[in-house]
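Below is one structure; the comments refer to it alone.
The values are calculated or read from the model by the stated rules, or taken from the named source; none is laboratory data. Model, not experiment: these values are computed from the prediction. Here Cβ is always computed from backbone atoms with ideal geometry, including for glycine, and neighbour counts include all displayed protein chains.
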Amino acid sequence: MNTKARTEIDDYLSRLRHELDDLPAAEVDEVVEDLEPQLVEIAEDGGALADRLGTPAEYARELRAAAGFGTSRSPSWLPRTVFWLLVVSTATAGICGLLSGRIVSVDAGFLLVFLGFTLTVSLVPIALGRPTTSEVAELPGVRRLTSLLTRTENTRRGVAYLTTLQPAWFLVRTFLVWLGLVWLFRDLDLWDAWPEVLATALAVGTPVVGYRARNDRRWLWLSLPLTMWAVGIAFSVLARTEFWSALLGSR
Amino acid sequence: MELSQLLKGVLDLAVLSVLSTEDGYGYDVVRRLRQAGLTEVGDASVYGTLRRLYNAGALTSYVQPSEEGPHRKYYALNDVGRQQLAESAKTWREFADAMSGLLGGTA
């Protein structure tokens, strides 16, 4: 069996284990032992695992129902709460970005604390794995959103095109985050000589967050607010008259 | 009886029956059920049923090593399982007869 097929199988099984990680380890081992030969056969025939068996999350759900393991890992309010926490922290980050250029004069420290709070509250359950990101993705509202993006050939192509722009965006975002951090450290009067250095050290980490989010959806809870923050900073830059006069040459 | 309970009971009977003719591993049981005409039943439902029957003590399992492929875990009926099969089959036949009787007037 080629390594691509083996990787696919291992990926499927590890995601399945994650979906079942509230069960005793011995039972999960048995479940995997039952399924693996079939995955091997499907992969060797060149088929797609998810086509034949459903996604690991769907498989786990059907298995739980038939085996009597209990149909949901998390209490039903948890995926919904964590989803809205993502919305709040993303929106807050956007506002922070917008205000960091001081269009409106606000105490930067307060904003930072509030953003830190919403981010932490949204990140902790997600990092702990309960709810799983698939539970969030299966929320009716989220499903409707994602189906909107894949409904027609045109929207699918649009999404595919935007995905190709992602590396460029990560580059732009790194710069914007750097800028925002420099402003922030200056506002807070931190590290007199070194705001740029510290900002650089932190900003270069942001593409890592972005790329991690591609495979492990949990990173979205950090990456999306980061993106919205960068967008807010971009707008605040555009709103500064110095920017335009610098661009157009002082008249 | 709730519908899902009813279906669970029916699937139990089908799986027990398949294993009574010959021991089977996971998707071997799936395949035999499909061949018998139960095409709509999902793979995960069959695997889950195997686990539930095993955990309830109706099945034993053993691993058969294989040179060409992965080791396969086979499930087999034990005495408890055979007893459950006999009782469930009897209940099913009574139910099927009753339904035939009901439908006989309209079919």
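Quick look at the values:
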read-out	value
Residue match in region B:65-80 (condition: at pLDDT below 95, surrounded by fewer than 20 Cβ atoms within 10 Å (Cβ to Cβ) and assigned to a helix (DSSP H, G or I))	yes
Test: residue in region A:65-78 that is surrounded by fewer than 16 Cβ atoms within 10 Å (Cβ to Cβ), over 24 Å from the mean Cα position of the chain (by Cα), facing chain B (nearest Cβ under 7 Å) and outside any helix (DSSP H, G or I)	yes
Filtered residue count, region B:31-50, keeping only those that are surrounded by 18 or more Cβ atoms within 10 Å (Cβ to Cβ) and in contact with a strand residue (DSSP E or B) (Cβ under 9 Å, 6 or more places away or on another chain)	2
Region A:89-113: number of residues that are modelled with pLDDT under 80 and surrounded by fewer than 16 Cβ atoms within 10 Å (Cβ to Cβ)	9
Odd one out for A:Pro167, checked against (1) modelled with pLDDT of 85 or more; (2) closer than 24 Å to A:Leu123 by Cβ	(2)
Filtered residues of region A:118-138 (kept if within 21 Å of A:Asp22 (Cβ to Cβ) and not small (Gly, Ala, Ser))	A:Leu123, A:Val124, A:Pro125, A:Ile126, A:Leu128, A:Arg130, A:Pro131, A:Thr132, A:Thr133, A:Glu135, A:Val136, A:Glu138
Region B:1-28, subset facing another protein chain (nearest Cβ under 10 Å) and farther than 18 Å from B:Thr91 by Cβ, residue surrounded by the most Cβ atoms within 10 Å (Cβ to Cβ)	B:Gly26
Test: A:Arg61 is within 30 Å of A:Leu222 (Cα to Cα), within 14 Å of chain B (Cβ to nearest Cβ) and either of a type outside the set (Asp, Glu) or touching a His at 6+ places or on another chain (Cβ under 8 Å) (or both)	yes
Candidate set: region A:43-56, residues that are more than 7 Å from chain B (Cβ to nearest Cβ) and buried (at least 20 other Cβ atoms within 10 Å of the Cβ); chosen: the one farthest from B:Gly48 (Cα to Cα)	A:Ala43
Subset of region B:81-96 (residues that are exposed (fewer than 15 other Cβ atoms within 10 Å of the Cβ) and either at the interface with chain A (Cβ under 8 Å from one of its Cβ atoms) or not acidic (Asp, Glu) (or both))	B:Arg82, B:Gln83, B:Ala86, B:Ala89, B:Lys90, B:Thr91, B:Arg93, B:Phe95, B:Ala96
Residue selected from region B:29-80 under the condition without any contact (Cβ under 8 Å) to a residue 40 or more places away in the chain and among the β-branched types (Val, Ile, Thr), by the criterion farthest from the other protein chains (Cβ to nearest Cβ)	B:Val80
Residue match in region A:20-28 (condition: within 21 Å of A:Trp219 (Cα to Cα), more than 13 Å from chain B (Cβ to nearest Cβ) and at pLDDT below 90)	yes
Any chance A:Arg218 is in contact (Cβ under 8 Å) with a residue 24 or more places away in the chain, among the basic types (Lys, Arg) and in a helix (DSSP H, G or I)	yes
